[in-house]
Each structure stands twice: as C-alpha cells, then as structure tokens.
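Remarks on the structure that follows.
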Amino acid sequence: MNRATDTAAEGAARRLETVVGGVLRAGVMLSSVCLAIGLLLSLSGSAASAAALVLQIGILVLLATPVARVLVSTVQYISERDWPFASLTLIVLVELLASVVAALIFNKKL
Amino acid sequence: MPVVTASLALIIFLAGTVAGGLGALLGLGGGVFLVPFLNLVLGFPFGVAAAISLTTVIATSSSVSAARAGKQLINMKLGMLLEVATAGGSLLGGVTAQMIAQGTLQKLFGILSAIVAMIMLTRITRRNVILDPNIDPGVLGGRYHEDESGGTVTYRVRRLPVAIVASFFAGNVSSLLGIGGGFIKVPVLNAWCGIPLRAAAATSAFMIGVTATAGAVIYYGHGQLPAALAATAVLGVQLGSWAGMRFGASASVKWLKILMAAVLFIISVMMFSRGLR
C-alpha cells in the first residue's frame, strides 16, 4: 500500500474517532443529567409532571445518541468521499428509522 | 407497572452498578446480568426487564466508547459494516418475537451460549496477533498500542461472512431478550475472525448502542419502558462501567477469557431451565 494514502486514511480514521467520541460523550452526559434530575424530582414527590417530562427527555436523548453517532459518521464519510462506508452507515440510519416506524405502528395498534 | 419507591430505586441502582461493572470488564454491555435479575429476582414482566436493560446497554456502549475513542482500539470501519447486520437482526427480532414461543428461544439461547463458552475455553492461549507492525492490516483490519506488552498489535480480519452472520444473529437475540449481544459477537470475532480480544470487545461495545437502540425504540413505542426505573438502572450501570473500565485496564486477557466463559455457562443453565418451564 502507498505510504501517503495510508497516512491519509489513518488521519481520517483518527478524526472520525474524535468526532464520534465527542457526540457519545455529550449524549451520555446530557441524558444522565436529565435522568438524575428527573429521578430526584420524582422521588421527592413534588412536581410530578415536571419529573415525568425531564425523565422522558433523558430517555429520548439516550435513544438519540447512537443515531446521532451514525449520522455524524455518514456525514464524515461523505465529506471524505468514502462511498462504500457512506452507503453502509446510511443503511444503518434507514434501519434505525424503520425501527421508529415499527414502534409508531405498534403504538397505534395498542 | 411496578411502583417506584426509594428502596426499589436503590436496589435497581445497585444491581445496575454490578451489571455495569461486569459488563465493562467483559465487553458484554451488562444486560446479560440485568435481565435475569429484573425478571427472575424482582419479578418484572420480561418485556419491561428487556426494555430497561436495553437502555442501560445503550448508555454503557456510549460512555465506554466515548472513553475509548482515540485509542484505535475500536475498529470503527468493521463496526459500522457489521452494524448493518446487527441493526437488521434487531429490527427483525421485534417481529419474530411475536411468532416464536419464548421457551423455544430460551432453550436455543442456552445451548448456543454454552457452545460459545466452550470455544472460548479451548482457545484460551490463542491470541491471533500478528507481531510484525509493518504488516498491512487491510481495509477492515486494525492496529493499536497495547500497554500490557508495550508493543503495537496489528491484525487482519478473516472470515468476514462469519462475522456478518454472527452480528445479524446477535442483533436478533439482542432485540428479543434485551441484551447487547456482545456475548455472541466477541467470541466469534476473537476465535474465528482473527481479532484480538481487546479490539473485539471494544468494537462490539461500540456497535451494541446502535443494536440496542433499534430494539429499545420498539419497546418504547409499546409503552414497556418505565422512565424512572430505566433512569435508576442507567445511572447505576454508568457508575459500574466507569469502575469496571478502571479495573479492566489492569486485568489480563487470559482472565477476561476465563471469566467470560464462566459467565456464559451460568447464563446457559439459567436460560435453558427457564425455557423448560
């Protein structure tokens, strides 16, 4: 393998790791803070509706974090014109979207 | 749905801490311990136990991978390729769960995890490491610095179709039973595909977040995800996986393999006996 392209590929991989790590860290921190606040509110017994809302936000941020991680990977691969991996991550996004659609369908049935 | 009291919250928090700690050490995600605890010990409906467990799997995957990012231990390209299979399997798991009897699945699960545990034990001294750091790892291979030996570990991915099939199956089981599926992927990637245990565990833990999300979203849509209980479990698992990561860096690969095999045998017996009922 060509030494120059090898270094370029490794540099791109390193940048992606940094971006992905940042997204995951931010998502985990935000959802953990929401879940902790929501939990303390609901255990204290006061502000039940606020507690429920904050807990729901925490759960949704948690569920959205891996989706956001795949999304930034797709964007990164597209910007680097790495079409095979841009396509693969796009397929994963479609699969995640399909699970949301399945959830909505099940939700209507029940 | 169980009522959330301070004592129940504390029990789930502690269970989450233990599950998260073991999960981080083994690259399993922690769900394999939490589902039996919530279902068998606390008596939650299986769907609720699975849903809560899946949210902790997502949290573990995200926090563990965030901490590991930048160390080249996670094989991102391989992970993203295999995610296509795990997410597909996870989606299909939501549908097949309605058609296959729970007992049949549990027995199958028990047999399979015992086989994987035996594979781990027979290959305990194999490392699949190419010591020459100048070798070409290929598009899907990897290279990382190992603190234990102080050297650079380089590997190529072998038998990719096996990894894809195992990932699809792991995704399927994940969605059906509320676990991460790492206990299927890690031994297969390590034993058959030439990936060192540390890299296999890191890559599996990375993928598990996406796999569990595809399943958890469906449970959430079903209304089977009690937010307060999930919050308690998630926070406990976060604490446990943080502690497990610190300890995990000093644990040897051989110990990880033995520990993982023992865990798999226990799960096997539990699942099989439950399936017989």
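The values are calculated or read from the model by the stated rules, or taken from the named source; none is laboratory data. Computed from a prediction, not measured in an experiment: that's the story for all the values here. Neighbour counts run over all protein chains shown; Cβ positions are idealised from the backbone, glycine included.
Some notes on this structure:
- Candidate set from region A:56-97 (those that are over 24 Å from A:CYS34 (Cα atoms) and hydroxyl-bearing (Ser, Thr, Tyr)); member that is farthest from the other protein chains (Cβ to nearest Cβ): A:SER79
- Candidates B:LEU73, B:LEU28, B:LEU22, B:LEU38: the one that is in a helix (DSSP H, G or I) and either under 20 Å from B:VAL210 (Cα atoms) or at pLDDT 85 or above (or both) is B:LEU38.
- Selection status of B:VAL173, among the β-branched types (Val, Ile, Thr) and either buried (at least 23 other Cβ atoms within 10 Å of the Cβ) or within 12 Å of chain A (Cβ to nearest Cβ) (or both): yes
- Residues of region B:175-201 classified as touching a strand residue (DSSP E or B) at 6+ places or on another chain (Cβ under 9 Å) and assigned to a helix (DSSP H, G or I), total: 2
- Within region B:223-242, restricting attention to residues that are touching a helix residue (DSSP H, G or I) at 6+ places or on another chain (Cβ under 6 Å) and modelled with pLDDT under 85, the residue that is surrounded by the most Cβ atoms within 10 Å (Cβ to Cβ) is B:SER241.
- Selection within region A:30-53 - more than 9 Å from chain B (Cβ to nearest Cβ) and not polar (S, T, N, Q): A:LEU30, A:VAL33, A:ILE37, A:LEU40, A:LEU41, A:GLY45, A:ALA47, A:ALA48, A:ALA50, A:LEU53
- Candidate set from region A:12-21 (those that are within 17 Å of B:SER63 (Cβ to Cβ) and surrounded by 15 or more Cβ atoms within 10 Å (Cβ to Cβ)); member that is farthest from the other protein chains (Cβ to nearest Cβ): A:VAL19
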